[in-house]
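The values are calculated or read from the model by the stated rules, or taken from the named source; none is laboratory data. Just so we're clear, the structure is a prediction, and the values are computed from it rather than from any experiment. Here the Cβ positions follow ideal geometry from the backbone for every residue, glycine too, while neighbour counts run over all protein chains shown.
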């Protein structure tokens with residue numbers, strides 16, 4: 001079973017990290033598409049939590065809800081990912097601004113394995129963009145992945161649209177932490193999540 005690693009629909013205490021394109025020296029698109037960010041300094045990527053209720057809520061998070069392109073994790077989640085994807089993940093430190101403070105314990109966890117798992121014929125695709133030979137999906141309904149697309153991998157990035165995919169085993173290990181910032185969705189049900197978020201249902 002393949003799962004998409006997503007942000008929880010219900011933010012806990014206003015914890016949601018937005019990419020700050022003004023303060024950051026690294027474009028947000030690089031988090032997904034750059035071959036490597038290993039030489040990036042921590043102060044070059046800045047995220048902002050604008051509606052944080054209090055710091056105690058943030059302290060309970062070891063994974064920050066935010067971009068679906070790559071999870072934001074700290075040292076509690078990092079060893080779990082390293083165990084399941086040794087040598088196949090790049091941790092890029094970031095600065096998170098919240099309540100006038102700089103929090104420096106989080107990193108983007110970028111899967112280095114990129115798989116073309118999307119079944120374009122079976123999925124409900126509304127809009128694509130083709131540049132050269134590369135087709136990217138920008139608007140979609142139900143997503144259907146190719147059977148057994150993860151193979152022996154436990155963690156990988158879906159080439160398009162930009163999601164982090166995890167195996168059932170890794171999902172269970174991450175859920176066992178009880179972290180409020182971690183959630184998963186079946187690919188075919190993700191459009192329902194978008195609809196629920198948009199309509200409040």
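Listing for the model above:
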{"read-out": "Residue match in segment 54-75 (condition: within 15 Å of residue 95 (Cα to Cα), free of Cβ contacts under 8 Å to residues at least 40 places away in the same chain and touching a helix residue (DSSP H, G or I) at 6+ places or on another chain (Cβ under 8 Å))", "value": "yes"}
{"read-out": "Scan of segment 34-46 for residues that are assigned to a loop (DSSP other than H, G, I, E, B), more than 23 Å from residue 161 (Cβ to Cβ) and modelled with pLDDT of 95 or more, ordered by number", "value": "40, 41"}
{"read-out": "Residue list for segment 162-189, filter: surrounded by fewer than 19 Cβ atoms within 10 Å (Cβ to Cβ), in contact (Cβ under 8 Å) with a residue 12 or more places away in the chain, out of contact with any helix residue (DSSP H, G or I) (no Cβ under 8 Å at 6 or more places or on another chain) and assigned to a loop (DSSP other than H, G, I, E, B)", "value": "180, 186"}
{"read-out": "Enumeration of residues in segment 79-110 that are closer than 26 Å to residue 10 by Cβ and in a loop (DSSP other than H, G, I, E, B)", "value": "94, 99, 100, 105, 106"}
{"read-out": "In segment 56-78, residue nearest to the chain's Cα centre (by Cα) [restricted to those that are surrounded by 13 or more Cβ atoms within 10 Å (Cβ to Cβ) and outside any loop (DSSP other than H, G, I, E, B)]", "value": "72"}
{"read-out": "Subset of segment 2-33 that is assigned to a loop (DSSP other than H, G, I, E, B) and at pLDDT below 90 - its residue that is surrounded by the most Cβ atoms within 10 Å (Cβ to Cβ)", "value": "7"}
{"read-out": "Residue 102 vs. criteria farther than 23 Å from residue 185 by Cα, surrounded by fewer than 16 Cβ atoms within 10 Å (Cβ to Cβ) and in contact with a strand residue (DSSP E or B) (Cβ under 8 Å, 6 or more places away or on another chain)", "value": "yes"}
